[in-house]
Each structure stands twice: as C-alpha cells, then as structure tokens.
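Quick note: the coordinates plus some simple rules give every number you see, no bench work behind them. Worth saying up front: this structure is predicted, and the values here are computed from it rather than measured. Cβ coordinates were reconstructed from backbone atoms using ideal geometry, including for glycine residues, and neighbour counts include every protein chain displayed.
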Amino acid sequence: MIIACANQKGGVAKTTSVICLGGLLVKTGSCLVVDLDPQGNLTTGLGIEVKENQITSYEVITERATANDALMTTSSGLSLIPSDINLAKGEPEILSKVGNFGLLKEYLEPIAHQFDHILIDCPPSLGLLTINGLTAADAVLIPVQCQFFALKGLAALLETIQSVQKRLNPDLKILGVLPTMAEMQTVMTQDVLASLKKRLQNIHVFEPVPKSVKFAESNLAGEPINVYAGDKKLVQPYQAIADFITTGEK
Ligand SMILES: Nc1ncnc2c1ncn2[C@@H]1O[C@H](COP(=O)(O)OP(=O)(O)O)[C@@H](O)[C@H]1O
Ligand SMILES: [Mg+2]
C-alpha cells in the first residue's frame, strides 16, 4: 500500500506522521519513505545528512537517476528516498514534460514490489509535487492541526483529491483525517474535532495525536517517536493507523 501524507498547510505534522508511521510499520515489514519536500525535513528527521554525491528525489523525478539509485537505509531500519533543496528546481523542470503528474508513480514502479509499505511525504503546497504524490498513492492521509483555521484550506485539498481521483488516479482512497497537536482539555481542540466530524461525514477521523514536545525532540534526535519515547499515549494514535494499514480494520 502506497500512502501519501498531504496538506498544503505547513507545520501540521505531515513529516512527523510519516516518521511515526514508518517507525511502526517497519516493525511488521519493509517500509520505504519518500521525501517529496524540498525542505528535506523527513530526511533530516530520520537522522540523514544528504552528501554532495547522494542521489535524491530531485534526480529521480527529473529522470537523472532511478529510484533504486536513491535508496538509503536509516538507523531505524526504514528505506528512504531523501530530498534536499535541489528538489525545488525539480518542479519547474518537469512542468513542460508530457504526463508530468504521473512521473513519481512511473519511477517508483520498478522498486515498489520490494516494500510492504511506501509512505510519501508531500510538500506544503497543492503543486505538481503533491499531485505526483497523490497520483502515485493508493490512499492519502490528511493531518490537520487542532488550531484556529484548521479547516480552512481543507476544502481546497479535498477538491484537489477529487480532481486527482477523476482524472489521474481513480483508485485513490482517503485513508482519513488525523487531528494533530491536540490539547484535549481546550475549547479550541474540542471545537476543531467537532467541526471535523460534522463537516467530514464520509471521511474517517482518526484518534487525535496529543500535543507534546517529545515529537520535536524525536525529530531532532532523528528517531521515530516509538523509538525515541515509549510514551504509549503519544504512540497509540499512530499505532491505530499502522494497524489499520496492515489489517484493514479501523
Ligand atoms: N503532536 C505534536 N505535538 C507537538 N509538536 C508536534 C507534534 N507533531 C509535530 N510536531 C512539531 O510540529 C512541527 C511541524 O511538524 P512537521 O511534521 O514538520 O509538519 P509539516 O510536515 O506538516 O510541515 C515540528 O517541529 C514537529 O516536531
Ligand atoms: Mg513536512
């Protein structure tokens, strides 16, 4: 199963969610995570420093190298296609290519069978890279921060997903919406959770991930949360999604 993690808002925990889910999925099988954001936070968050001669998602998406050439292994046992700021040049470069929405799907295909799960970390935009992520995926996970204006932008994202389903990837499913950085005792979080449930009647809303500084710390340490902190309350919401991915039960 290939899952894209997408939301055009930055700072909603897309990357953190990919790291956490990857860290849990790799305990049951092989897992590849693909960094599709020029900021390279997934790469650095897994403790990887991109060296001068390292092949990244930029070379893959612009057909300078194969996905296989870009594969790295992280200390937590995940396979990674890393990225760095070079990927920012990739989007304009592929703009004039025929079929440019399907490039990632095409280039991942030769290696996809090697992995039980593939997670794609999309950049904070609805541009060509995110569309490539959605076109390559079987399902999309949408992290939403429990904050004011959390739902703003969600309509645009759902419209983009619908367009992708209609024109590029009819099999794309919405895995669900994941409320992140939840502070359950606050009115704001309760408000966001209530509005999500009311507005998204046909979309599954996963158990919220609590707000905790441990997530930022685990990013800095370059480790998934389940490796960095054994705190069950923090891991459980991600474990529920990992279980759903592996067993199909929500
Ligand atoms: N549950 C959480 N509680 C507190 N901070 C979090 C949580 N999840 C993520 N963060 C932090 O929020 C910031 C943005 O997360 P990130 O995953 O980089 O978002 P995105 O990829 O959507 O831009 C990071 O500093 C990260 O460590
Ligand atoms: Mg990110």
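One table, with the values for the structure above:
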{"read-out": "Net length gained if the chain between Ser163 and Met188 were fully extended (0.36 nm per residue, minus Cα distance)", "value": "5.9 nm"}
{"read-out": "Long-range HN-HN contacts of Ala65 with modeled amide H, under 5 Å", "value": "Val60"}
{"read-out": "For a label point 7 Å along the Cα-to-beta-carbon line of Lys97, residues of the range 27-44 with backbone N under 20 Å", "value": "33-40"}
{"read-out": "Segment Asp69-Val205, length gained on full extension (0.36 nm per residue, minus Cα span)", "value": "45.3 nm"}
{"read-out": "Hz values of 3J(HN,Hα) by residue in the range 34-40 - Karplus curve (6.51, -1.76, 1.60), Gly and Pro given as x", "value": "10, 8, 10, 10, x, 5, x"}
{"read-out": "Other-chain or far-sequence residues with amide H under 5 Å of Ile120's (modelled H)", "value": "Ile3, Ala4, Cys5, Val34"}
{"read-out": "Segment Lys197-Gln114, extension gain: residue separation times 0.36 nm, minus the distance between their alpha carbons", "value": "26.2 nm"}
{"read-out": "Electrostatic dipole magnitude of the chain [Cβ: Lys, Arg +1; Asp, Glu -1; Cα centre; debye, to 20]", "value": "840 debye"}
{"read-out": "Relative contact order [Cα under 8 Å, 6+ residues apart], the chain, whole percent", "value": "27 percent"}
{"read-out": "Amide H contacts under 5 Å for Leu175, placed H, 5+ residues apart", "value": "Val140, Leu141"}
{"read-out": "Peptides 37-45, 93-101 ordered by average Cβ neighbours within 10 Å, highest first", "value": "37-45, 93-101"}
{"read-out": "Residues listed by number, the range 11-30, amide nitrogen under 19 Å from Glu249 label point at 7 Å toward C-beta", "value": "25, 28-29"}
{"read-out": "Inter-probe distance in nm under a simple model that places probes 7 Å from Cα toward Cβ, at Asp138 and Asn53", "value": "3.7 nm"}
{"read-out": "Axial C-alpha extent at least 15 Å, average Kyte-Doolittle at least -0.5 - helices from the chain (DSSP)", "value": "14-25, 154-167, 187-199, 232-247"}
{"read-out": "CD proxy at 222 nm, helix term only [per DSSP H run n ≥ 4: -39500 (n - 2.57); per residue of the chain; nearest 500]", "value": "-12500 deg cm²/dmol"}
{"read-out": "Relative contact order, percent, the range 48-187 [alpha-carbon distance under 8 Å, six or more residues apart]", "value": "19 percent"}
